Structure formats: C-alpha cells, structure tokens
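Beneath this line is the structure, given in structure tokens, with notes to follow.
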Amino acid sequence: MNKPIRIEQRVKFHEWNCIVEFSHYLNNNRISIALYNADPIKEDGYTAEPGTELILIASTNLVDEVILEDEVAIKNYSENDGIMFVLIHAKIISPAIRHVPSGHANIPICKLLINPFK
C-alpha cells in the first residue's frame, strides 16, 4: 500500500484553496482523491496548520464496477457539486469517459491525467 501523496498544484473549490491528495481505497487499492484546506485555520483562539482540514473526498469507490488503473470515479453531486469541473480545469482528470449508475446518481468515470504513484 502506497502512502498518500500530495501534489504541489493547488485548486480552488468554492471558498477554499485546496491541497490535492492522492491515496488508495483499502479494499481494492483504487486511487482516491481528497482535498484539504491549504490555508491555516484560526478559530476561537485555535490555529490549525494548513493541510489538516479535510474539505472533501472527490472520488467514490464503486466496488462492483470495473474501473481501470488509470480511471477514477468522481462524486460530483451534493456537497461535491462542481468538483469535477475544478479537477478537469486543473488537468488532474479528463472529462467523463462514461457514467455508471449508483443509487440516485450517475457517477462520472474519468481518466487520471496525474498519477503520482507511477
């Protein structure tokens, strides 16, 4: 199992400047993408270091679907609405190459344009 890797490139999601972190899901080793707050947080006399506050997990683990090593399923609904556009614009993922139904949503499957584990 590879350790999580944070890339130098930052992205903006809503009001947050974010650090992009790649990791793996434990049950099938597929790549996951998470965004962390790149700015220090100051609240009620407490300061948190940059990169410690999880903003969102951009990917989703569709365990029953065939997803290739260079693909990722993106959660682009609910609180994550708009994350796919942000990651496409940052050249981290491609536009959707297909969609997979999952519950109430159609999950976009995208090609990874950055894979720090290779």
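Working carefully through the options Asp64, Asp39, find the one that is among the charged types (D, E, K, R), more than 22 Å from Asn106 (Cβ to Cβ) and either modelled with pLDDT under 95 or out of contact with any Lys or Arg (no Cβ under 7 Å at 6 or more places or on another chain) (or both).
Asp39
Would you check which residues across the stretch 68-112 are among the aliphatic types (A, V, I, L, M) and either surrounded by fewer than 14 Cβ atoms within 10 Å (Cβ to Cβ) or in a strand (DSSP E or B) (or both) and list them?
Leu68, Val72, Ala73, Ile74, Ile93, Ala96, Ile97, Val100, Ala105, Ile107, Ile109, Leu112
Residues being surrounded by fewer than 21 Cβ atoms within 10 Å (Cβ to Cβ) and more than 16 Å from Cys110 (Cα to Cα): count how many of those fall in the stretch 25-35.
5
Within the stretch 36-67, can you find the residues that are more than 15 Å from the chain's Cα centre (by Cα), surrounded by 13 or more Cβ atoms within 10 Å (Cβ to Cβ) and assigned to a loop (DSSP other than H, G, I, E, B)?
Asp39, Pro50, Glu65, Ile67
The values are calculated or read from the model by the stated rules, or taken from the named source; none is laboratory data. Computed from a predicted structure; not experimentally measured. Here Cβ is always computed from backbone atoms with ideal geometry, including for glycine, and neighbour counts include all displayed protein chains.
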